[in-house]
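Novice: Structure provided below as structure tokens; questions to follow.
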Amino acid sequence: MFQRTWDPQHLLHLANALMFGGVLLLLLGVSGAYLFDQWLSLPLVVTCHALVILGPTALKIGYVMRLLAQRQLALAA
């Protein structure tokens, strides 16, 4: 089934990866939606606008996961 508790160190690495991915999605979305929109097709511009929303969402979820992992590490010490 599912594991209920995560190793805090593993959760910290996962949170860092999610935050990094969120920043990349945001930068890709902003560049595609606002800088290179005249060279892209309409569906691709719409996708880039969606990345402008999904990137910060992933960044925020990663940040909360990072806070949780740091709290678990502090309680374990």
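Since every read-out is calculated from the coordinates, none of them should be taken as a lab result. Here the structure is a predicted model, which is why all the values come from computation and not from measurement. As a convention, Cβ positions derive from the backbone with ideal geometry for all residues, glycine included, and neighbour counts pool all protein chains shown.
Novice: Please find, among ALA50, ALA33, ALA17, ALA58, the residue that is over 30 Å from GLN70 (Cα atoms), assigned to a helix (DSSP H, G or I), under 16 Å from the mean Cα position of the chain (by Cα) and among the hydrophobic types (A, V, I, L, M, F, W, C).
Specialist: On the way: ALA33 fails: under 16 Å from the mean Cα position of the chain (by Cα); ALA17 fails: over 30 Å from GLN70 (Cα atoms); ALA58 fails: over 30 Å from GLN70 (Cα atoms).
Checking each option against the conditions leaves just ALA50.
Novice: Could you list, in sequence order, the residues of segment 41-53 that are loosely packed, with under 15 Cβ neighbours inside 10 Å, of a type outside the set (Ser, Thr, Tyr) and either in contact with a Leu (Cβ under 8 Å, 6 or more places away or on another chain) or more than 26 Å from ALA17 (Cα to Cα) (or both)?
Specialist: Listed by number, the residues that qualify are LEU42, PRO43.
Novice: Cβ-Cβ distance below 6 Å, separation of 6 or more or different chains: which pairs start in segment 23-49 with a residue that is touching a residue at least 24 places away in the same chain (Cβ under 8 Å) and more than 29 Å from TYR63 (Cα to Cα) and end on one that is in a helix (DSSP H, G or I) and of a type in the set (Val, Ile, Thr)?
Specialist: Note: no pairs meet the criteria.
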